[in-house]
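The values are calculated or read from the model by the stated rules, or taken from the named source; none is laboratory data. Remember, it's a predicted structure, so these values are computed and weren't measured experimentally. Note that each Cβ is placed from the backbone with ideal geometry, even for glycine, and that neighbours are counted across all protein chains shown. These area figures cover heavy atoms from the full protein model, side chains too; ligands, DNA and RNA do not enter into them. Shrake-Rupley method; radii C 1.70, N 1.55, O 1.52, S 1.80 Å.
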Amino acid sequence: PLIDLDRSVCKGVAYFVEMERHLERGDNVVILANHQSEGDPHALDAVMSEIGGIPKLAEEMIFMAGDRVREDPLVAPFTLGRNLLNVYSKKHLDDVPELRAEKQIHNRKAVKMTQSLFKEGGKCVWFAPSGGRDRRAAATGKVE
């Protein structure tokens with residue numbers, strides 16, 4: 001199995017339960033993480049459902065993710081069945097210069113969709129800004 005559920009521990013279940021209470025009242029919950037790997041949504045689902053006993057939170061969580069989770073053929077399978085809002089990072093806006101305007105329009109639509117979801121209320125959105133983890137320092141050429 002991908003996760004050894006018999007030997008795994010889920011700490012902080014009380015926080016997840018509190019988040020569910022907020023969502024049931026119509027409040028929004030925002031989770032900020034340092035980085036999201038492609039397997040995180042499925043790992044969270046397994047841990048929250050099987051160990052934490054709180055499957056609804058994982059099933060309904062919305063993940064804000066970069067374009068690669070949708071477009072990269074090696075990564076896309078990991079996001080199947082997940083609630084995703086995709087955006088193009090500034091780093092990738094000019095990968096194909098003639099698509100820049102289209103990507104910017106897409107990003108504006110994603111922001112409007114996020115606003116709409118928050119206005120509905122009762123939404124949990126996981127944001128994982130990279131914080132520059134994949135950028136090389138100009139002086140050294142090393143990833144910082």
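It is to be established whether one or more residues within region 80-101 are within 15 Å of the chain's Cα centre (by Cα), open to solvent by 30 Å² or more (accessible area, probe 1.4 Å), modelled with pLDDT under 80 and not small (G, A, S).
yes
Residues being touching a residue at least 60 places away in the same chain (Cβ under 8 Å) and in contact with a Gly (Cβ under 9 Å, 6 or more places away or on another chain): count how many of those fall in region 103-127.
Looking only at that region, the number is 2.
Quick test for you: out of I62, I54, I3, pick the one residue that is crowded, with 17+ Cβ neighbours inside 10 Å and over 20 Å from A128 (Cα atoms).
None of the other options fit; the residue is I54.
Identify the residue in region 108-144 that is of a type in the set (A, V, I, L, M) and either loosely packed, with under 10 Cβ neighbours inside 10 Å or at pLDDT 90 or above (or both) and, among all such residues, is farthest from D45 (Cα to Cα).
My answer is A139.
Any residue in region 65-78 that is free of Cβ contacts under 8 Å to residues at least 40 places away in the same chain and closer than 12 Å to G39 by Cβ sitting within a Cβ distance under 6 Å of a residue that is surrounded by 13 or more Cβ atoms within 10 Å (Cβ to Cβ) and of a type in the set (D, E)? List the pairs, counting only those 6 or more apart or interchain.
Partner pairs satisfying both residue conditions: V75/E38.
Quickly run through region 9-34 and pick out the residues that are open to solvent by less than 80 Å² (accessible area, probe 1.4 Å), of a type outside the set (A, V, I, L, M, F, W, C) and at pLDDT below 95.
G12, E20
Report the residue count in region 11-41 for those that are within 28 Å of R68 (Cβ to Cβ) and part of a loop (DSSP other than H, G, I, E, B).
Total satisfying the criteria: 8.
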